[in-house]
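Asks: There's a structure below that I have some questions on.
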Amino acid sequence: MSELFYRNACSSTNDEITEVLLYPQSNFVGLYTFNQIKGRGQYGNSWASAAEQNLAYTLAIKTSCINHSHFMFNYYTAIAVQDYLANLTEKIVKIKWPNDIIIKNKKVVGILIEKKKINQENYFIIGIGINILQEKFDEISNAGSLFTQTGERFNLNQFTEDLHSFLIEKLTHIPGDDEILDQFNSNLFKKDEISVFELDKTRQNGIIRNADENGEIWIDLEGSGLRSFYHKEIKLLY
């Protein structure tokens, strides 16, 4: 059983989910809008979204329902979204560590997972921003939409309802850590490819080898060999 609520507009679905969690009837509660005014991304970054063209969706899950570390849960959420989009579009969909979703070298999805205590209950708050119908982005932007990357126009309401149902099914049956890691790494963007990274304001070549159970990425750098990094310690330029 799950609940899904809609807002004509809101500042941030991750913030406003607290309003619908006062008396939840389910372990899974979703909130969405097609007009998010103050979306938030990872580490304080903003998530800008054109009104009535894209989806801002938040799913709250009681932490008592999850028997995995924050890192594994983060990975599996990205896997679930990647799986939904790959099935829907029949395109190659990749995960850019730690949890951006990429189609044809463009970011179409950003995910932000937070922990919050609401009404004496602990929750994972999963915020997912998906560019769906938007056609124009800044020329230098790495962003794209499902429309720009696939040429398909999706019905926003049907897309959201199907996504919600898909995620509930996936998150109700989470596999073990080893399987999560295998799935994540098999869909990892730029894995085993020579790429350009920015480290300490210097660009250098390297090869992504794998993500690990501690949330780190292992990169074989041209100058210093195999090293691990946390998010924001190194930047993949693509």
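Asks: What number of residues within the stretch 133-187 satisfy the criterion of being aliphatic (A, V, I, L, M), in contact with a strand residue (DSSP E or B) (Cβ under 8 Å, 6 or more places away or on another chain) and under 17 Å from Tyr76 (Cβ atoms)?
Replies: 5
Asks: Separate question: From the list Gly206, Gly129, exactly one residue is without any contact (Cβ under 8 Å) to a residue 24 or more places away in the chain and either in a strand (DSSP E or B) or over 15 Å from Thr77 (Cα atoms) (or both). Which is it?
Replies: On the way: Gly129 fails: without any contact (Cβ under 8 Å) to a residue 24 or more places away in the chain.
When all the criteria are applied, what remains is Gly206.
Asks: Evaluate the stretch 168-186: report whether one residue or more is touching a Leu at 6+ places or on another chain (Cβ under 9 Å), open to solvent by 20 Å² or more (accessible area, probe 1.4 Å) and farther than 24 Å from Asn67 by Cβ.
Replies: First pass over the stretch 168-186, keeping only residues touching a Leu at 6+ places or on another chain (Cβ under 9 Å): 168, 171.
Now restrict to residues that are open to solvent by 20 Å² or more (accessible area, probe 1.4 Å): 168.
Imposing the further condition that a residue be farther than 24 Å from Asn67 by Cβ reduces the set to none.
Checked the stretch 168-186: no residue is touching a Leu at 6+ places or on another chain (Cβ under 9 Å), open to solvent by 20 Å² or more (accessible area, probe 1.4 Å) and farther than 24 Å from Asn67 by Cβ.
Asks: For residues that are aromatic (Phe, Trp, Tyr) and either modelled with pLDDT of 95 or more or in a loop (DSSP other than H, G, I, E, B) (or both), scanning just the stretch 18-67, find the one that is nearest to the chain's Cα centre (by Cα).
Replies: Here is the first cut: in the stretch 18-67, the ones aromatic (Phe, Trp, Tyr) are 23, 28, 32, 34, 43, 47, 57.
Filter once more, so that each one left must be either modelled with pLDDT of 95 or more or in a loop (DSSP other than H, G, I, E, B) (or both): 23, 32, 34, 57.
Details: Tyr23: 27, Tyr32: 15, Phe34: 17, Tyr57: 11 Å.
Filtering first and then ranking leaves Tyr57.
Asks: Quick check on Lys117: is it free of Cβ contacts under 8 Å to residues at least 60 places away in the same chain and surrounded by fewer than 22 Cβ atoms within 10 Å (Cβ to Cβ)? Explain how you work it out, then say what you get.
Replies: Values: free of Cβ contacts under 8 Å to residues at least 60 places away in the same chain: yes; surrounded by fewer than 22 Cβ atoms within 10 Å (Cβ to Cβ): yes.
It is true that Lys117 is free of Cβ contacts under 8 Å to residues at least 60 places away in the same chain and surrounded by fewer than 22 Cβ atoms within 10 Å (Cβ to Cβ).
Asks: Assess whether Arg209 counts as being over 30 Å from Ala51 (Cβ atoms) and surrounded by 14 or more Cβ atoms within 10 Å (Cβ to Cβ).
Replies: Details: over 30 Å from Ala51 (Cβ atoms): yes; surrounded by 14 or more Cβ atoms within 10 Å (Cβ to Cβ): yes.
Yes.
Asks: Within the stretch 220-238, track down each residue that is over 17 Å from Ile102 (Cβ atoms) and in a strand (DSSP E or B).
Replies: The answer is Asp220, Leu221, Gly225, Leu226, Arg227, Ser228, Phe229.
Asks: Another question about this same structure. Out of the residues in the stretch 133-162 meeting the condition of being of a type in the set (Phe, Trp, Tyr) and part of a loop (DSSP other than H, G, I, E, B), tell me which one is modelled with the highest pLDDT. Steps first, please.
Replies: Of the residues in the stretch 133-162, the ones of a type in the set (Phe, Trp, Tyr) are 137, 147, 154, 159.
Those left that are additionally part of a loop (DSSP other than H, G, I, E, B): 137, 154.
Working: Phe137: 90, Phe154: 98.
Ranking the qualifying residues of the stretch 133-162, first place goes to Phe154.
The values are calculated or read from the model by the stated rules, or taken from the named source; none is laboratory data. Please read these numbers as outputs of a predicted model, since none were measured by experiment. Using ideal geometry, Cβ is built from the backbone for each residue, glycine included, and neighbour counts are taken over all protein chains shown. Areas reflect the complete protein model, heavy atoms only, side chains present, ligands, DNA and RNA absent. Shrake-Rupley method; radii C 1.70, N 1.55, O 1.52, S 1.80 Å.
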